[in-house]
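J.: Here it is, the structure in full.
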Amino acid sequence: MERNLKPIGKKIALGLIAAAFWVAVWALLSLWIDRALFLPSPWAVGKTLMELLPTAAFWKTVGASLLRVLIGYVAGVLLGTVGGILTAKISLLDTLFSPLLTVIRATPVASFIMLTLVFLGRDTVPSFIVFLMVLPIVWGNVTEGIKTVDPGLREVCDVYGLSFPRRMKILYLPHCGPYFSSGVPTSLGLAWKAGIAAEVLCTPKGSIGKMVYDAKVYLESAEVFAWTLVVILLSLALETLLKYVLNRGKRK
C-alpha cells in the first residue's frame, strides 16, 4: 500500500510545483504589463473567484452548464458505442456512415454552432454540439477496437458455439476496453470545451458561457479569468473522476 502511495504523492508534488511555477509566471507578466484590463493578477482573479463561490447563483450556473454538457456527452457515448459496434460488423453501414463522421470531424465547432442555432433553441445548442464532438471519437474507437480483434479467437468462439453475451465478456470487452477507455476521457475534455464555447456564442440564461460573455462585454477581465479557471478545474475534476470509474471497471 505504501509503495502505491509514494508515486501518487510524488505526482501530486510535481503537479503543485508546476502549478506554482506558472502562477508565478502569470504574476510576473501581470506586473510587467501593468494593465489589469488585459491581464489581471492571480490575486485579483482569486479574489473574484472567492466572491463568486459562496453565492447560490454561482452553483446554479455551474449546475446548469454541467447538465447541458452531460446530456450531450452521455448521448454521444451511447450512440457512438452502438454505432461503432454496428459499423464494425456490417460493412455497408461502415461505408454509409464513414463520410458523415469525417464531415463532423472536419467541420469547425463555430460553424456547427451557427448552423444549429438557426434550427434549435439556444438552450439546446450546447448539448447538441457536445453530442457532435463526442460521437465520432467514441464511434471510431469502438469500431477500431472490434476490427482489431484476432480472427483466430473469433474462430475459436465459433467452434465452441459461444453465445453473444459470452463472447462480449471473454473476447470483445477485454480487447476493446482500452480503445473505449482511451476515447471516452479524451472526448470528455473536448466536450466540455465545446459546450462552453457554444454557451458563449448562444448565451443561454444561467450558463457559464453567458457569464463569460457578459464579463467580456463589461470589461470585467478578472471575472472572465475567474470563470475560465472554473471551467478548467471542472474539466480536470470530471476527467479525473471518469478515469477513476473506468479503472475501477477494468479491475472488476
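FYI, it's all coordinate maths here, none of it is from the lab. Because the structure is predicted, anything quoted here is derived from the model rather than measured. Here Cβ is always computed from backbone atoms with ideal geometry, including for glycine, and neighbour counts include all displayed protein chains.
J.: Helix 109-119 versus the longest principal axis of the chain: what angle, 0 to 90°, nearest 10, using Cα atoms?
T.: The two axes meet at around 90 degrees.
J.: Now a separate question. In nm, give the distance between the simple-model label positions of Leu53 and Leu236, each being 7 Å from the Cα along the Cα-to-Cβ direction.
T.: Using points 7 Å along Cα→Cβ, the separation is 1.4 nm.
J.: Further, regarding this structure: Calculate the spin-label point distance for Lys147 paired with Leu86, positioning each point 7 Å from the Cα along the beta-carbon direction, and give it in nanometres.
T.: Label at Leu86, label at Lys147, 1.8 nm between them.
J.: Also: Hey, what's the Kirkwood Rh for segment 7-115 if you take every pair of different alpha carbons, in angstrom? Please report the intermediate quantities before stating the final value.
T.: Values: mean 1/r = 0.0521 Å⁻¹.
Every distinct Cα pair counted, the radius reaches 19.2 Å.
J.: Taking only Cα atoms, what is the 0 to 90° angle, nearest 10, from helix 42-52's long axis to the longest principal axis of the chain?
T.: Roughly 80 degrees between the two axes.
J.: Strictly over 25 Å apart at the Cα level, which of Lys11/Lys216; Lys89/Lys169; Lys47/Lys243; Lys89/Lys243 would you flag in this model? Before the final figure, lay out the partial values.
T.: On the way: Lys11/Lys216 36 Å; Lys89/Lys169 17 Å; Lys47/Lys243 31 Å; Lys89/Lys243 28 Å.
Table pairs above 25 Å Cα-Cα are Lys11/Lys216; Lys47/Lys243; Lys89/Lys243.
J.: Further question: Around Val217, under 13 Å between beta carbons, what's the net of Lys plus Arg minus Asp minus Glu among the other residues?
T.: Details: positive: Lys210, Lys216; negative: Asp214, Glu220, Glu223.
Summing Lys and Arg as +1 and Asp and Glu as -1 gives -1.
J.: Ok, one more. If each residue's Cβ is checked for other Cβ atoms within 10 Å, how do Phe131, Phe58, Phe119 rank with the fewest at the top?
T.: Listing Phe131, Phe58, Phe119 from fewest to most nearby Cβ atoms yields Phe119, Phe58, Phe131.
J.: Can you report the principal axis dimensions of the chain using only the alpha carbons, biggest first, rounded to whole angstrom?
T.: Cα spread of the chain along its principal axes, largest to smallest: 73, 56, 33 Å.
J.: Right, here's the next one. Which one, Ile12, Thr48, Ser207, is farthest towards the positive end of the dipole of the chain when Lys and Arg carry +1 and Asp and Glu -1 on their Cβ?
T.: Result: Ile12, furthest along the dipole toward the positive end.
J.: Moving to a separate point now. Using the basic label-point model (7 angstrom from Cα toward the beta carbon), what is the Ala18 to Arg154 distance in nanometres?
T.: Using points 7 Å along Cα→Cβ, the separation is 4.0 nm.
J.: In addition: Hey, what number do you get for the chain at 222 nm if only DSSP H runs of n ≥ 4 count, each worth -39500 (n - 2.57), divided across all residues, to the nearest 500? Before the final figure, lay out the partial values.
T.: Details: 11 runs with 211 residues, N = 252.
My calculation for the chain gives -28500 deg cm²/dmol from helical runs alone.
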